[in-house]
């Protein structure tokens, strides 16, 4: 389950590759906008980002008009919603919670 929810997913672009002999879609190139409305109570800002996916669908034997927007959105990897969006959201919207010390003197440690 996504940490920042609810997320809305909106199909932004879909480009089919179609087999000429029978108009069956072989592959979709899909772009989907993932958006989080934010949470004012927890000081979390709204944010959105676009992700893309390529899906081979020839095995379905469907023509372009037999697909729905929802079906195309469902081809997106669940990793985007459950991990990638979260990581991008936090890196862009939350303050850093750790730092590194590039000047750390290893000689200060006990042998």
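Computed from the coordinates by the stated procedures, all read-outs in this text should not be read as laboratory data. On a predicted model such as this, the values are computed, not experimentally measured, just so you know. With ideal geometry, Cβ positions are generated from the backbone for all residues, glycine too; neighbour counts draw on all protein chains shown.
Here are a few things to note about the model shown:
- What the pair-distance distribution of the chain shows, using all Cα-Cα distances binned every 10 Å from zero, is 12, 32, 21, 16, 11, 5, 3, 0 percent.
- Label positions at residue 69 and residue 91, each projected 7 Å from the Cα along the C-beta direction, are separated by 3.0 nm.
- Here the Gaussian network model covers the chain, with springs between Cα atoms less than 10 Å apart; of 49, 82, 23, 23 fluctuates the most.
- Our helix-only sum for the chain, with -39,500 (n - 2.57) per DSSP H run of n ≥ 4 divided by its residues, gives a mean residue ellipticity at 222 nm of -3500 deg cm²/dmol.
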